[in-house]
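Peer 1: First the structure, which I've put down as structure tokens, then a few questions once you've had a look.
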Amino acid sequence: MERDIERVIIDEARLSDRVSELAGEITQRYQRFDEPMLLVPVLNGALVFVADLMRQLPIKMRLGMMAVSSYPGQSTASKGATIKRSLDSNLELRGLRVLIVDDILDTGNTLGVVQREIATREPASLETAVLLRKTDKDHGGVKADYVGFDIADEFVVGYGLDFDGHYRNLPHIAVLKREAYERAGCSTEDGDGRVR
Ligand code: PRP
């Protein structure tokens, strides 16, 4: 697996430091609220980030998972967001402070769908935390309230992010070697030159 990596762009120490800082910011904001908190990781990519983040939030909370797919299989360009698993329809969001957690904000297709879906259920507040955000994009107008790192427009893997389902267990954020994509029979760019 490691031999497929071209370079590490964010190492474990920087990830750990920044996740702690984000947890501090989020704690400062949420600890003053009386309403309960609902953390909503967007699976699968948010798995590692949310696990590290939530253990540093000393706040009473529940978890409500959603799963969305925008880059199925070997895709490196967004195919549009499809909700694979939604929040429990019996869960009353009115009166809850909802924080969506995702690994990366790229085209904004994924978070746009998630934010709209949750907003229709009228939570007391709705915010979004992302570990990574691609710079030089408007993200389809989608905003994140907490951002770990702004990164260049490269397809990245590790710390939950995958290519074709692999590399989620890398402890850092990395760019793969071209051969790794070519072996899988795909290029890192689509017709518009957009990559995740
Ligand atoms: C990835 C990632 C984000 C989304 C961001 O998910 O985890 O949720 O893409 O891209 P966007 O801003 O262009 O929508 P993916 O579809 O690969 O599914 P996964 O979470 O199961 O990895």
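The values are calculated or read from the model by the stated rules, or taken from the named source; none is laboratory data. Worth saying up front: this structure is predicted, and the values here are computed from it rather than measured. Note that we place each Cβ from the backbone using ideal geometry, even for glycine, and neighbour counts take in every protein chain shown. Only protein heavy atoms, including side chains, enter the accessible area calculation; ligands, DNA and RNA are left aside. Shrake-Rupley method; radii C 1.70, N 1.55, O 1.52, S 1.80 Å.
Peer 1: Please go through segment 78-87 and give me each residue that is among the hydrophobic types (A, V, I, L, M, F, W, C) and within 9 Å of the ligand (Cβ to nearest atom), ordered by number. Write out each step before concluding.
Peer 2: Going residue by residue through segment 78-87, those that are among the hydrophobic types (A, V, I, L, M, F, W, C) are 81, 83, 87.
Within segment 78-87, ALA81 is the sole residue that qualifies.
Peer 1: While we're looking at this one, here's another question. Of all residues in segment 128-165, which are of a type outside the set (A, V, I, L, M, F, W, C), more than 10 Å from the ligand (Cβ to nearest atom) and in a strand (DSSP E or B)?
Peer 2: THR128, TYR146, GLY148, ASP150, GLY158
Peer 1: Have a look at LEU111, LEU132, LEU105, LEU96 and point out the one that is farther than 30 Å from ARG7 by Cβ, open to solvent by less than 60 Å² (accessible area, probe 1.4 Å) and not basic (Lys, Arg). Break it down stepwise before answering.
Peer 2: Values: LEU111 fails: farther than 30 Å from ARG7 by Cβ; LEU132 fails: farther than 30 Å from ARG7 by Cβ; LEU105 fails: farther than 30 Å from ARG7 by Cβ.
Selected residue: LEU96, the only one of LEU111, LEU132, LEU105, LEU96 that is farther than 30 Å from ARG7 by Cβ, open to solvent by less than 60 Å² (accessible area, probe 1.4 Å) and not basic (Lys, Arg).
Peer 1: Something else about it: Consider segment 21-49. How many of its residues are away from the ligand (no atom under 16 Å from the Cβ), open to solvent by 50 Å² or more (accessible area, probe 1.4 Å) and at pLDDT 95 or above?
Peer 2: Kept after step one, since they are away from the ligand (no atom under 16 Å from the Cβ), are these residues of segment 21-49: 21-38.
Within this subset, residues satisfying the condition of being open to solvent by 50 Å² or more (accessible area, probe 1.4 Å) are 21, 25, 28-29, 31-32, 34-36.
Narrowing further to those that are at pLDDT 95 or above: 21, 25, 28-29.
The total comes to 4.
Peer 1: Another question, then. Keeping to segment 152-166, report how many residues are on the phi > 0 side of the Ramachandran plot and surrounded by 21 or more Cβ atoms within 10 Å (Cβ to Cβ).
Peer 2: The initial filter retains those residues of segment 152-166 that are on the phi > 0 side of the Ramachandran plot, namely 158-160, 164-165.
Filter again for surrounded by 21 or more Cβ atoms within 10 Å (Cβ to Cβ), leaving 158-160.
Adding up the residues that qualify gives 3.
Peer 1: Looking at ARG133, ARG183, ARG97, can you tell me which residue is of a type in the set (Lys, Arg) and over 27 Å from ARG29 (Cα atoms)? Before the answer, list the steps.
Peer 2: Numbers: ARG133 fails: over 27 Å from ARG29 (Cα atoms); ARG97 fails: over 27 Å from ARG29 (Cα atoms).
Testing whether each residue is of a type in the set (Lys, Arg) and over 27 Å from ARG29 (Cα atoms) leaves just ARG183.
Peer 1: Now for a different question. Only one of (1) within 15 Å of the ligand (Cβ to nearest atom); (2) over 15 Å from the mean Cα position of the chain (by Cα) fails for ASN90. Which number is that?
Peer 2: Exception for ASN90: condition (1).
Peer 1: While we're here: Any chance segment 60-72 includes a residue that's surrounded by 14 or more Cβ atoms within 10 Å (Cβ to Cβ) and either of a type in the set (D, E, K, R) or away from the ligand (no atom under 13 Å from the Cβ) (or both)? Outline the logic, then answer.
Peer 2: Filtering segment 60-72 down to residues surrounded by 14 or more Cβ atoms within 10 Å (Cβ to Cβ) leaves 61, 64-71.
Okay, now just the ones that are also either of a type in the set (D, E, K, R) or away from the ligand (no atom under 13 Å from the Cβ) (or both), so 61, 64.
The answer is yes; a qualifying residue exists.
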